[in-house]
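The values are calculated or read from the model by the stated rules, or taken from the named source; none is laboratory data. Every value quoted in this text rests on a predicted model; they were computed, and no experiment measured them. Note: ideal-geometry Cβ built from the backbone for every residue, glycine included; neighbour counts use all protein chains shown. Surface areas here come from the heavy atoms of the whole protein model, side chains and all, with no ligands, DNA or RNA. Shrake-Rupley method; radii C 1.70, N 1.55, O 1.52, S 1.80 Å.
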Amino acid sequence: MRVVIERLSKTYGDRSGKSVEALQSIDLGVEEEEFLAIVGPSGCGKSTLLNIIAGLLAPSEGGVFFEGLRDGWHPPTAMVFQEFALFPWRTVLGNIEFGLEERGVAAEERHARAMRLVELVGLVGFEERYPNQLSGGMRQRVGIARALAVEPAVLLMDEPFSALDAQTRQLLQVELLAIWERTRKTILYVTHNIQEAVFMADRVAVLSRRPGRLIAIVPVELGRPRREAMLGDARFLHTVDLIWGLIKADAQQALAEGGS
Ligand code: ADP
Ligand code: MG
C-alpha cells in the first residue's frame, strides 16, 4: 500500500510547559511494495515517525494518508521493535497467534496461519519453545512472524536487528529480504546503521538532527536479490559515502550554528 506523509510535524509537550520539537514538516511518499529505510542520528525522531504512521501517536501538524482509503481510515500496520517484546509465557506459536486471537480468528485457521509463518521465518521444530529458550536471532524471527500474522498493509520496523551480534544481523537482513520478496509488503525500516540501510532498501530517507527534517531521499542502485558480495560493490560504497556526507554536513552545520 502506498503511504503519503504530508507536512508532518511533531512537538512533544510536558506539564511544565517545556516542549521538544521532534519532527519538522516531513513530506515523504512511500511506494507500494517499497522497502524504504530511514536513517538519522539518535534522537532525531525516527521512532516518533513510525509511531505516528502506526497510529499510536498523533501528529502536531500534517498527517499520514494511506492511498485508496478514506481520510482518517487506518489500515492494519504492524511494528517490529528492537527489544523483541514477546510474551514470555507464550510459546513461539502462541506469540505468533496472539494478534489473530485478538481479531477473533478461529483456532484452526489461527494455527494454520501461524504454522505457515513459522515455516516462512525458518522456525520449524521450535513451535513449542518459549522465548527464553531461543537465541536473540530466533526471537526476532518470532517478532517478524507475529507482525506478519495480522497481514499488515505496511510493516514498520524500528531498529529491529540492532541488539543482535553482527553475524546474526547479517543473516537476518538477508532473510528479511527473502521474506519481503515473498510477501511484498511495504516496509519502513528504521536504522542508524547506514550500511544496513543501503544493503536492504530501495531508497534511503535521511533525516537531520533534531528536529528531524528530511535532508534527502537517496535511491539505491543495486540489483535484487541483494547478496553479501554486494557489500564490496563500488555503487554500494559510493551510496554509503554519500549518505555519510549528508549526515556529517548536517552535524557540522549544527556546530557552526553553536548547537550541541
Ligand atoms: P529516535 O528514534 O530517532 O532516536 P525519538 O523519536 O525516539 O528519536 O525521539 C525524538 C525526540 O523526541 C528525542 O529528543 C526524545 O527525547 C523526544 N521524545 C520522544 N518521546 C517523547 C515523549 N513521549 N515525550 C517527550 N519527548 C519525547
Ligand atoms: Mg528510536
Return the pair list, or none, for Cβ contacts closer than 6 Å from residues in the stretch 121-142 that are in contact (Cβ under 8 Å) with a residue 12 or more places away in the chain and over 18 Å from Glu159 (Cβ atoms) to residues that are open to solvent by 60 Å² or more (accessible area, probe 1.4 Å) and assigned to a loop (DSSP other than H, G, I, E, B), at least 6 apart or on different chains.
Pro131/Pro88
Among the numbered conditions (1) open to solvent by less than 70 Å² (accessible area, probe 1.4 Å); (2) farther than 25 Å from Val30 by Cα; (3) not hydrophobic (A, V, I, L, M, F, W, C), tell me where Asp250 comes up short.
(2)
How many residues, within the stretch 166-204, are hydroxyl-bearing (Ser, Thr, Tyr) and assigned to a strand (DSSP E or B)?
2
Restrict the check to the stretch 81-103 and report whether at least one residue is in contact (Cβ under 8 Å) with a residue 60 or more places away in the chain and loosely packed, with under 14 Cβ neighbours inside 10 Å.
yes
Of all the helices (runs of 4 or more DSSP H) wholly in the stretch 40-141, which have at least 1 residues that are more than 30 Å from Glu6 (Cα to Cα) and within 16 Å of ligand 2 (Cβ to nearest atom)?
none
Restricting attention to the stretch 205-224, report how many residues are in contact with a Lys or Arg (Cβ under 8 Å, 6 or more places away or on another chain), open to solvent by less than 40 Å² (accessible area, probe 1.4 Å) and part of a loop (DSSP other than H, G, I, E, B).
2
Can you run down the residue pairs with Cβ atoms below 8 Å, 6 or more apart or on separate chains, where the first is in the stretch 45-70 and free of Cβ contacts under 8 Å to residues at least 40 places away in the same chain and the partner is open to solvent by 60 Å² or more (accessible area, probe 1.4 Å)?
Gly55/His74
Go through the stretch 40-61 and count every residue that is surrounded by fewer than 14 Cβ atoms within 10 Å (Cβ to Cβ), near ligand 1 (Cβ under 10 Å from one of its atoms) and among the hydrophobic types (A, V, I, L, M, F, W, C).
0
Among the numbered criteria (1) acidic (Asp, Glu); (2) more than 11 Å from ligand 1 (Cβ to nearest atom); (3) touching a Lys or Arg at 6+ places or on another chain (Cβ under 9 Å), which one does Glu21 miss?
(2)
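Okay, residues lined up against (1) within 16 Å of ligand 1 (Cβ to nearest atom); (2) in contact with a strand residue (DSSP E or B) (Cβ under 9 Å, 6 or more places away or on another chain); (3) among the hydrophobic types (A, V, I, L, M, F, W, C):
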site	(1), (2), (3)
Arg210	yes, yes, no
Ala229	no, no, yes
Leu237	no, no, yes
Val240	no, no, yes
Ile243	yes, yes, yes
Asp250	yes, yes, no
Is it the case that the stretch 108-117 has a residue that's in contact with a Ser or Thr (Cβ under 9 Å, 6 or more places away or on another chain), open to solvent by 20 Å² or more (accessible area, probe 1.4 Å) and acidic (Asp, Glu)?
no
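If the requirement is being at pLDDT 95 or above and open to solvent by 40 Å² or more (accessible area, probe 1.4 Å), which of these qualifies: Arg15, Arg7? Working first, answer last.
Values: Arg15 fails: at pLDDT 95 or above.
Sole residue among the options that is at pLDDT 95 or above and open to solvent by 40 Å² or more (accessible area, probe 1.4 Å): Arg7.
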Considering every residue within the stretch 155-165, establish whether at least one is more than 15 Å from the chain's Cα centre (by Cα) and not in a strand (DSSP E or B).
yes
Contact list please: Cβ distance under 6 Å, first residue in the stretch 175-204 and basic (Lys, Arg) and modelled with pLDDT of 95 or more, second residue within 16 Å of ligand 1 (Cβ to nearest atom) and open to solvent by less than 10 Å² (accessible area, probe 1.4 Å), pairs at least six apart or on different chains.
Arg203/Leu36
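Taking Ala37 as the residue in question, decide whether it is open to solvent by less than 10 Å² (accessible area, probe 1.4 Å), under 27 Å from Arg224 (Cβ atoms) and either assigned to a strand (DSSP E or B) or out of contact with any helix residue (DSSP H, G or I) (no Cβ under 8 Å at 6 or more places or on another chain) (or both). Show your work before the answer.
Working: open to solvent by less than 10 Å² (accessible area, probe 1.4 Å): yes; under 27 Å from Arg224 (Cβ atoms): yes; either assigned to a strand (DSSP E or B) or out of contact with any helix residue (DSSP H, G or I) (no Cβ under 8 Å at 6 or more places or on another chain) (or both): yes.
Against the criterion (open to solvent by less than 10 Å² (accessible area, probe 1.4 Å), under 27 Å from Arg224 (Cβ atoms) and either assigned to a strand (DSSP E or B) or out of contact with any helix residue (DSSP H, G or I) (no Cβ under 8 Å at 6 or more places or on another chain) (or both)), Ala37 qualifies.
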